[in-house]
Every structure is written in C-alpha cells, then in structure tokens.
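Input: a single structure, listed below in structure tokens.
Since every read-out is calculated from the coordinates, none of them should be taken as a lab result. Keep in mind the model is a prediction, meaning the values are calculated, not measured. All Cβ positions, glycine included, derive from the backbone under ideal geometry; neighbour counts span all protein chains shown.
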Amino acid sequence: MNTAIGDAFCRQVRLELTSCYLYKQMASWFEGKDLPGFANWMRKQAHEEVGHALVFFSRLTAGGQRADIGTVDPPIRDFTSVQGCFSHFVDHEKSVSGHLSCILELARKHRDAKAVQVLEWFEGENGIRGEEVDRILGRLKMASGERCPLLRTLDGDLAARRFRLPASLRMGA
Ligand SMILES: [Fe+2]
C-alpha cells in the first residue's frame, strides 16, 4: 500500500473511532432525556463506527502497513436540544465524509483498486445514512419540545434500528 494512502487510512481509523466515542456520548445524553429510541439509534451508529474502523484497520495490516492510529480526543458531552444534537451529528459526518473523499481521490490517483473498492462502499453507505438522517431531521422540525407526541413517535421508530456489520467484515476481512 502506498504510504500516503496508508497514513490516510490510519487517520480514518482514528476518525471512525472518534465518531464511535461521540455517538456513544450522544446516546448517553438521549438516555438522560428519557429518549431510549434516540439513544438506541445513536448506540447502533456508534457500534457501526467500530466496524468501519476495523475495515480500515484490516486493510492497513493486510497491505503490510504499520497501523499507527494515535489517540482519540474526548467528545463534546452536552447538546442544546435533540435537533441540536442531530445537527452536530450531521456536521461531524460531513467532516468524516470529506476525509473519505480525499482518500478516494488519492487512491484513484495511485490506481489502488482495492482501496478504491473499500472507499466506494463507504461512499454508498454514507449516502444511505445521510438520507435517513435527513428524514429524521425533517420529522424533528415538526416536533416542538421534549413532551411533543411527534417526538415520542419518532423515538419509538428509532428504537427499531438494528446493528449492521459492514459487508467486508461479514465476509471475514
Ligand atoms: Fe463511519
């Protein structure tokens, strides 16, 4: 694996684990607000982030690269509102997607087909998740206050989210 791509993969491992920390913190915040469905949704997202980190980590080690992944900063702990929390989620995902796009460009430039394949999977996954979050944000805009019945209905819907292991990990990568 090209050194620049390897370094970018290391950074991506750190970003995915940073996402896990942040979303676990958000899940805890939702628990404190008595919104167990939101907490479930965020917890499942946090677990998926660990899966994402493992995909990059396994590609690094399979490519003979030393995985120097560094440390994860503590996440923000308090949020102004449910909507504010999801907006923060969206901002964070945008920064992670931005880094993914840069690595994809790098991988295409170096004609690293395996890296391109992994990164294109993430691009698709981010698109699906982005559409889901847009729908949640759209419903949140209609809910006013933490006692609003619409918020409680949405909380019930988000309780149904299940954990999905990334395809490459399901196949034993
Ligand atoms: Fe991720």
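Just checking, how many residues over the stretch 4-41 are more than 13 Å from the ligand (Cβ to nearest atom), part of a helix (DSSP H, G or I) and either farther than 25 Å from GLN65 by Cα or free of Cβ contacts under 8 Å to residues at least 24 places away in the same chain (or both)?
Here the count works out to 16.
Name the one entry in LYS114, LYS94 that is out of contact with any Gly (no Cβ under 7 Å at 6 or more places or on another chain), of a type in the set (D, E, K, R) and within 16 Å of the ligand (Cβ to nearest atom). Explain how you work it out, then say what you get.
Working: LYS114 fails: within 16 Å of the ligand (Cβ to nearest atom).
Only one candidate qualifies: LYS94.
With respect to ILE69, is the statement that it is surrounded by 15 or more Cβ atoms within 10 Å (Cβ to Cβ), more than 14 Å from the ligand (Cβ to nearest atom), of a type in the set (A, V, I, L, M) and more than 22 Å from GLY127 (Cβ to Cβ) true? Before you say what the answer is, go through the steps one by one.
Numbers: surrounded by 15 or more Cβ atoms within 10 Å (Cβ to Cβ): yes; more than 14 Å from the ligand (Cβ to nearest atom): yes; of a type in the set (A, V, I, L, M): yes; more than 22 Å from GLY127 (Cβ to Cβ): yes.
The answer is yes for ILE69.
For the stretch 97-124, name all the residues that are closer than 22 Å to LEU169 by Cβ, surrounded by 18 or more Cβ atoms within 10 Å (Cβ to Cβ) and either touching a strand residue (DSSP E or B) at 6+ places or on another chain (Cβ under 7 Å) or in contact (Cβ under 8 Å) with a residue 60 or more places away in the chain (or both).
Passing the criteria: LEU100, ILE103, ALA107, ASP112, ALA115, VAL118, PHE122.
Tell me the residue from PHE79, PHE86 that is part of a helix (DSSP H, G or I) and surrounded by 16 or more Cβ atoms within 10 Å (Cβ to Cβ), please.
On the way: PHE79 fails: part of a helix (DSSP H, G or I).
Sole residue among the options that is part of a helix (DSSP H, G or I) and surrounded by 16 or more Cβ atoms within 10 Å (Cβ to Cβ): PHE86.
Can you tell me which residue is surrounded by the fewest Cβ atoms within 10 Å (Cβ to Cβ) among those in the stretch 42-66 that are among the basic types (Lys, Arg) and within 16 Å of the ligand (Cβ to nearest atom)?
First, pick out the residues of the stretch 42-66 that are among the basic types (Lys, Arg): 43-44, 59, 66.
Narrowing the set further to residues that are within 16 Å of the ligand (Cβ to nearest atom) leaves 43-44, 59.
Values: ARG43: 20, LYS44: 17, ARG59: 24.
Residue satisfying both the conditions and the ranking: LYS44.
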